[in-house]
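Read the structure below first, then the notes.
The values are calculated or read from the model by the stated rules, or taken from the named source; none is laboratory data. As the structure is a prediction and not an experimental result, all values here were calculated from the model. No Cβ is skipped: glycine too gets one built from the backbone with ideal geometry, and neighbour counts run over all protein chains shown.
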Amino acid sequence: MKIIYSEKAAEYNIPGHPEAPFRVKKTKEFLEKIGMKFVSPNYAKEKDILSVHTEELLNLVKSENFFDADTPAFKGVYEIAMLSAGAGISACDYATKNEFAFSLMRPPGHHAGKNSLGGFCYFNNIAVAVKKLLTSQSKVAILDIDVHHGNGTQDIFLGDGNVIYVSLHQVPLYPGTGHSSEKNCFNFPLPPGTDEISYLKTLDIAIEKIVKFSPEIVGISVGFDTYHGDPLANFKLNKDSYKKIAKKIGEIKAGKFAVLEGGYSQDLPELIENFLEGIEQ
C-alpha cells in the first residue's frame, strides 16, 4: 500500500475554516507512528487539468483572484491544488500495477465542475486521475462515499460511456444535487441520521452497479464526514464502519485507488487508519 503525501498540503490555512491543515498533518503523523510508508506526489500538468476543466477555470485559480466564501483564494492556491491533483494521478498509476494507493492530500476535489470551483474544491482530483486512466483503460468506475454529493464529478462525466459514477450521500445537504440517478451516474440519496446498517445495505446495491459495469479500475472519493462526530453532516457511522465499508470495496475485482475528500472531525486519523486496514483485509 502506498500513501501519497506532501508537507505542502498543510501549508495553507484559513482561520475558522473546517477544511484545515490538521486533517492531513495529524493523519500523516498518526499513520507514520504505526509504520505506514509515504511517497511524494508529482504536480499535475496543465494539460491534465484541461482534460476535465475549462481554460477559464484553470486561469481563474492560477490568477488567485476570485471570491468564494467556502473556497477562498490564497497565496499559493494554484500550486497546492496542482499538487493535490497530481497526487490523484500518482495514486491511479499504482492502481494500474495492482497496488492500492491513497492520496492523503488537500484541497479535496469532487465539487469542482468543468467550469466551477466550490465546496472547498479547486480542481477535481479524482476526475483528473480517471481521465488520465482512460488513455490506457477502457472502463473506470468512481465510487464516491463522501457525505456530500460530488456534483463536480457528475458534471464532468455525465454521459461518458467509459465511466460510471456511483455516489452515496446525505439529502438534504450541500450542494443540493444527486436526488436521482441520470445516465451513467447512479445516485443513492440517504436521509439525515442514516446509521451503519442502512448505509452498508445501500453500499451493497451501489457496489452491484460497479460489478455489473466490470471496470478495470475503481477510483474512490473517500469522505469521512459520514462519521457521527463530523460537524458538517448528520450520518451516524462509527469508527469501525470504515473497516466494513473498505472490506466491501476491497472485494471488487479491479485495481483500486482512493483520494481524500471530506472529513472534519478530530477523529479523522483513526477513521482513515480503519479504512486503510479494511482495504488490506
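See the values below:
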| read-out | value |
| --- | --- |
| Any hit, the range 64-76, residues being assigned to a helix (DSSP H, G or I) and modelled with pLDDT of 95 or more | no |
| Count of the range 70-93 residues which are farther than 14 Å from residue 127 by Cα, buried (at least 19 other Cβ atoms within 10 Å of the Cβ) and aliphatic (A, V, I, L, M) | 3 |
| Residue within the range 134-151 that is in a helix (DSSP H, G or I) and out of contact with any Lys or Arg (no Cβ under 8 Å at 6 or more places or on another chain) present | yes |
| Residue that is touching a residue at least 24 places away in the same chain (Cβ under 8 Å) and over 18 Å from the mean Cα position of the chain (by Cα), where the choices are 193, 255 | 193 |
| Matching residues, the range 119-174, being acidic (Asp, Glu) and crowded, with 23+ Cβ neighbours inside 10 Å | 144, 146 |
| Extreme residue, surrounded by the most Cβ atoms within 10 Å (Cβ to Cβ), among residues of the range 24-69 that are under 21 Å from residue 135 (Cβ atoms) and among the polar types (S, T, N, Q) | 51 |
| Output for the range 198-207, where each listed residue is loosely packed, with under 14 Cβ neighbours inside 10 Å and over 11 Å from residue 186 (Cα atoms) | 201, 204 |
| Selection within the range 237-281 - touching a Ser or Thr at 6+ places or on another chain (Cβ under 9 Å) and β-branched (Val, Ile, Thr) | 245, 259, 272 |
| Test: residue in the range 86-94 that is out of contact with any strand residue (DSSP E or B) (no Cβ under 6 Å at 6 or more places or on another chain) and in a loop (DSSP other than H, G, I, E, B) | no |
| Residue that is surrounded by the fewest Cβ atoms within 10 Å (Cβ to Cβ), among those in the range 210-234 that are farther than 24 Å from residue 256 by Cα and over 18 Å from the mean Cα position of the chain (by Cα) | 231 |
| Elements of type strands (runs of 3 or more DSSP E) contained in the range 152-223, each with 1 or more residues being of a type in the set (Val, Ile, Thr) and either under 24 Å from residue 246 (Cβ atoms) or at pLDDT 95 or above (or both) | 163-170, 217-222 |
| Test: residue 196 is among the acidic types (Asp, Glu), touching a strand residue (DSSP E or B) at 6+ places or on another chain (Cβ under 9 Å) and under 13 Å from residue 168 (Cβ atoms) | yes |
| Residues (in a loop (DSSP other than H, G, I, E, B) and among the small types (Gly, Ala, Ser)) located in the range 1-57 | 6, 16, 20, 35, 40, 44, 51 |
| The range 162-204, residues that are within 30 Å of residue 136 (Cα to Cα) and small (Gly, Ala, Ser) | 167, 178, 181 |
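Results for (1) assigned to a loop (DSSP other than H, G, I, E, B); (2) of a type in the set (Lys, Arg), shown as yes or no for each residue.
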site: 229; (1), (2): yes, no
site: 244; (1), (2): no, yes
site: 264; (1), (2): yes, no
site: 270; (1), (2): no, no
